[in-house]
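K.L.:
There's a structure below that I have some questions on.
The values are calculated or read from the model by the stated rules, or taken from the named source; none is laboratory data. As the structure is a prediction and not an experimental result, all values here were calculated from the model. Here the Cβ positions follow ideal geometry from the backbone for every residue, glycine too, while neighbour counts run over all protein chains shown.
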Amino acid sequence: MDSNINISLSERDRDDISEIRVDGVIDTITASELEKVIDSLINRQRYHILIDLAGVEYISSAGWGIFISHIKEARAADGDIKLVNMIDNVYEIYELLEFENVLKSYNSIDEARMDFGSSLSESGLKKKDNATTRLTVVDQLSPQTGDNNRVSGSSGNGSGRLTDDVVRVLKSVKQDPFVSIGELRRDLNRRSLSTRIGWWQVFFILKKQKLLTRRSRFRYARSYYRS
């Protein structure tokens with residue numbers, strides 16, 4: 001697959017929605033070009049960003065990471081980053097990685113613009129569900145924090161020892177590997193009211209343990225009960 005990308009930006013005078021059209025491949029080589037465009041919008045305080053992915057054949061982890069790393073900043077300013085027109089292959093990865101808990105996805109530009117219009121008219125507070133969007137309710141994002149996200153495969157003493165949060169996450173995965181990241185977080189917080197864990201903490205623990213997908217979590221749970 002050739003690493004090439006074409007990015008175009010359009011903005012209208014009557015609103016503050018910025019439309020980014022991307023064609024090609026978003027991988028480790030081309031992701032920096034897209035990041036420069038998003039950074040330029042954030043620097044100009046344009047926080048309502050719509051990304052049209054109709055022409056994108058593939059998005060690597062570096063590409064997804066760009067969306068994830070900028071969305072908190074946009075939402076902190078009552079904005080958002082919305083993804084539109086993903087082809088089936090890209091949308092399949094989007095679902096597999098459970099990014100529907102973080103990134104909103106739409107079937108058309110008009111749908112995304114209408115949702116932006118609703119949030120803008122209500123001062124950033126969305127008060128109605130859009131039945132035509134492809135998403136689940138977005139969990140409140142928690143910042144990545146310190147050592148809770150630094151995971152080692154070793155369970156020995158010293159710096160390689162698994163943290164309490166990691167042990168809790170892995171225990172829950174063994175019990176039910178098919179729940180989503182959001183459901184996993186909620187279950188952990190219900191079990192321990194004194195030790196709260198955020199969505200991002202669960203995400204990075206699973207990523208570090210190579211358990212981001214339900215398929216990998218199922219294999220992990222199965223291997224544990226077989227041993």
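K.L.:
Please determine, by comparing only the residues of segment 171-214 that are within 17 Å of E100 (Cα to Cα) and either of a type in the set (K, R) or touching a Pro at 6+ places or on another chain (Cβ under 8 Å) (or both), which one is surrounded by the most Cβ atoms within 10 Å (Cβ to Cβ).
P.N.:
R185
K.L.:
Right, another one. Regarding S172, is this residue at pLDDT 85 or above, among the hydroxyl-bearing types (S, T, Y) and over 30 Å from G79 (Cβ atoms)?
P.N.:
It is true that S172 is at pLDDT 85 or above, among the hydroxyl-bearing types (S, T, Y) and over 30 Å from G79 (Cβ atoms).
K.L.:
Of all residues in segment 1-56 being within 18 Å of the chain's Cα centre (by Cα) and over 20 Å from A74 (Cα atoms), which is modelled with the lowest pLDDT?
P.N.:
Among those residues, the one meeting the criterion is T28.
K.L.:
Conditions first: (1) in a loop (DSSP other than H, G, I, E, B); (2) buried (at least 18 other Cβ atoms within 10 Å of the Cβ). S3 passes all but one, so which condition is the exception?
P.N.:
Result: S3 passes all but (2).
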